[in-house]
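Participant: Below is one structure. I have some questions about it.
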Amino acid sequence: MSANLQYFDLTHPWGHGMPEWPSNPGINVVTKKFHARDGVYETEFEGIMHRGTHVDAPLHVTEDTPDLMGYPMWRFFGTGVVVSIPKGKWEVITAADLEAASPAIREGDIVMINTGMHKKMADTDEYYSYSPGIYRDGAQWLVDKKVKLVGYDVQSNDHPMATKLVDHGLGPTHPHLIEEYKEYTGRDPKKDFPEWEAGHKTLMVKGGIPGIENVGGNLDAVTGQRCTFMCFPWRWPGGEGCGVRIIAVIDPDQTFRFGEGPKR
């Protein structure tokens with residue numbers, strides 16, 4: 001194996017007090033055993049899986065669809081690209097953006113999208129309420145391209161205006177955003193984003209493609225490059241989502257190749 005392989009962690013730190021999606025409970029970590037008292041150290045956590053860098057399953061957004069175990073393992077390992085698609089407040093990652101991305105997105109790629117928002121990951125309105133995001137047409141482009149997996153450095157697999165923050169599903173949990181969007185853009189969010197989480201449903205339910213939210217870490221270091229990626233979910237029957245650790249691997253010498261495996 002090449003001694004020069006470089007490994008880049010594309011995940012945000014996980015743990016007690018981590019930034020969380022608005023209106024849902026956070027992660028609580030409690031120490032249950034102590035070295036001084038028990039001779040071992042052990043913690044217990046309570047909280048939903050949709051925190052930090054994590055993958056969603058189709059079951060998260062649509063009943064009677066596959067859980068985490070429904071994704072074939074080959075989707076979580078392979079070559080692909082990290083593309084820069086800079087976006088600001090409430091901007092949309094479009095099909096045209098993806099078509100023009102460099103390096104070019106190819107069939108079978110794992111795709112990580114860098115909008116610049118990962119640098120703003122925090123317990124703030126800027127990250128969760130005013131983030132950019134993808135919607136139906138961008139997600140459909142990725143399905144048509146037959147990519148393996150997609151990761152976004154934003155708060156969701158969908159634009160904020162397509163979530164329960166506004167008048168969708170269980171919402172609006174943040175009704176003030178409806179009027180703010182109208183004032184900021186001059187448009188009605190329900191007309192711009194008429195479907196609830198169309199990005200999720202197009203990518204995962206229709207396309208069978210895993211979608212990862214809150215990609216971060218050393219994302220900038222590999223942006224604009226082709227990499228080998230690995231990121232695996234839990235072996236959890238019935239699971240609708242879980243944390244993943246994304247690793248991007250680059251060989252600067254371009255000499256490393258995986259072996260052919262055992263001979264039969």
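Nothing in this text is a laboratory measurement; each read-out follows from the coordinates by a stated rule. From a predicted model like this one, the values you see are computed outputs, not experimental measurements. Note that each Cβ is placed from the backbone with ideal geometry, even for glycine, and that neighbours are counted across all protein chains shown.
Participant: I want to check the label-to-label distance for Glu195 and Ser23. Put each point 7 Å from Cα in the C-beta direction and report it in nm to one decimal.
Facilitator: Each label point lies 7 Å from its Cα, and together they span 2.1 nm.
Participant: Here is a follow-up. Just the number: Rg to Rh for the range 11-83, Cα atoms, Kirkwood Rh, two decimals.
Facilitator: Using Cα coordinates only, the ratio equals 1.09.
Participant: Each residue of the range 184-199 in turn: what ³J(HN,Hα) in whole Hz from Karplus with 6.51, -1.76, 1.60 and θ = phi - 60°, glycine and Pro shown as x?
Facilitator: Once rounded to whole Hz, the list reads 6, 10, x, 10, 8, x, 6, 7, 6, 9, x, 9, 6, 6, 5, x.
Participant: Place a +1 charge on the Cβ of each Lys and Arg in the chain and a -1 charge on the Cβ of each Asp and Glu, then give the dipole magnitude about the Cα centre in debye, rounded to the nearest 20.
Facilitator: Roughly 820 debye, rounded to the nearest 20.
Participant: Among [x] 32, 20, 17; [y] 29, 26, 18; [z] 26, 24, 18, only one was calculated for this model; which label is it, if the read-out is semi-axes √(5λ) of the Cα gyration tensor in Å?
Facilitator: Derived directly from the coordinates: [y].
Participant: Please report the relative contact order for the range 144-221, taking Cα pairs under 8 Å with a sequence separation of at least 6, and give it as a percent rounded to a whole number.
Facilitator: On the way: 94 pairs, mean separation 33.9, N = 78.
With pairs under 8 Å counted, the relative contact order is 43 percent.
Participant: What 222 nm value per residue comes from the helices of the chain, counting each DSSP H run with n ≥ 4 as -39,500 (n - 2.57) and dividing by all residues, nearest 500 deg cm²/dmol?
Facilitator: Numbers: 7 runs with 42 residues, N = 264.
Value at 222 nm, helices only: -3500 deg cm²/dmol.
Participant: Here is a further query. What list of ³J(HN,Hα) values in whole Hz, one per residue of the range 13-25 in order, does the Karplus curve 6.51 cos²θ - 1.76 cosθ + 1.60 (θ = phi - 60°) give from phi, with Gly and Pro shown as x?
Facilitator: Karplus values, whole Hz, x for Gly and Pro: x, 10, x, 4, x, 5, x, 9, 4, x, 5, 10, x.
Participant: What is the packing order of peptides 20-27, 250-257, 207-214, 150-157, taking the mean over residues of other C-beta atoms within 10 Å and listing the highest first?
Facilitator: Those peptides, ordered most packed to least, come out 150-157, 207-214, 20-27, 250-257.
Participant: Just to confirm the filter: which trypsin sites (Lys or Arg not before Pro) across the range 4-50 are DSSP coil and have at most 13 other Cβ within 10 angstrom of their Cβ?
Facilitator: none
Participant: If R0 is 22 Å, what FRET efficiency do you get for Glu99 and Trp74 from their C-beta distance, rounded to 0.05?
Facilitator: 0.30
Participant: Among DSSP bridges having both ends in the chain, what percentage is antiparallel? Round to the nearest 5. Present the calculation step by step, with values, prior to reporting the outcome.
Facilitator: On the way: 23 of 36 bridges.
Bridges in the chain are about 65 percent antiparallel.
Participant: Now for a different question. Kindly list the residues of the range 192-212 that lie in the label zone of Glu107, defined by a backbone N under 17 Å from the point 7 Å along the Cα-to-C-beta vector.
Facilitator: It comes to 207-209, nothing else.
Participant: Relative contact order (percent) for the range 118-264, with alpha-carbon contacts under 8 angstrom and 6 or more residues of separation?
Facilitator: Computed over the range 118-264, the figure is 24 percent.
Participant: In whole Hz, with x marking every Gly and Pro, tabulate ³J(HN,Hα) for the range 41-54 from phi via Karplus 6.51 cos²θ - 1.76 cosθ + 1.60, θ = phi - 60°.
Facilitator: Using θ = phi - 60°, the values come out as 10, 8, 10, 10, 10, 9, x, 6, 7, 8, 9, x, 7, 8 Hz.
Participant: Pairs of Cα atoms under 8 Å, at least six residues apart: use those to get the relative contact order of the range 182-264, whole percent.
Facilitator: 17 percent
Participant: Using the Cβ atoms and a cut-off under 11 Å, what net charge is assigned to the surroundings of Phe193, where Lys and Arg are +1 and Asp and Glu are -1?
Facilitator: Every neighbour counted, the sum reads -2.
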